[in-house]
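**Student:** My structure is below; once you've seen it, I'll send some questions.
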Amino acid sequence: MRHGTTLVLTFMLFAAAPSAAEAYGALAVDYAQGTRFGFSRNQPTEQKAREVALGGCGAGCTVIVTFRKSCAAYAADQTTGSPAEALVKGPAAAAVRDQALSDCRKRGGRQCSLRVWGCD
């Protein structure tokens, strides 16, 4: 009897966790030159990924991207009033971070900063 109970509990634990193919992530920011951000990864649904990212960022934040089986990065120029920003999605963390900074600079950013990034 004990062996069967352990097997059922183990199965329930693995069944409840999302597989990598089913997991979602999201990035949220307050605004381009802001200081708050939130992210999520390994969430069972896109909606849950959004909720977790917003919860980590706080009031006044917006989800800027959701992703699944990929990475995303957001960079923004920290110069007051600059609209330069970049959002990049792709398969590798280092590549999306580098590309987001590069794209921000190409759009005229002089003080581009990586605001938030994540992979799932």
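**Student:** Please tell me the relative contact order of region 20-119 in percent, rounded to the nearest whole number, where contacts are Cα pairs under 8 Å and at least six residues apart. List each step's numbers first, then the result.
**Tutor:** Details: 273 pairs, mean separation 28.7, N = 100.
Relative contact order comes out at 29 percent.
**Student:** Sticking with this one: Residue by residue, what Karplus-based ³J(HN,Hα) values in Hz, rounded to whole numbers, does region 87-93 have, using 6.51, -1.76 and 1.60 with θ = phi - 60° and x for Gly and Pro?
**Tutor:** Result, ordered by residue: 10, 10, 10, x, x, 10, 4 Hz.
**Student:** What is the gain in length, in nm to one decimal, between A93 and Q111 on full extension, counting 0.36 nm per residue of separation less the C-alpha to C-alpha distance?
**Tutor:** 4.4 nm
**Student:** List the residues, sorted by chain then number, that are 5 or more residues from I64 or on another chain and whose placed amide H is less than 5 Å from its amide H.
**Tutor:** L27, A28, V29
The numbers here are math on the coordinates, done by the rules we state, and not lab data. From a predicted model like this one, the values you see are computed outputs, not experimental measurements.
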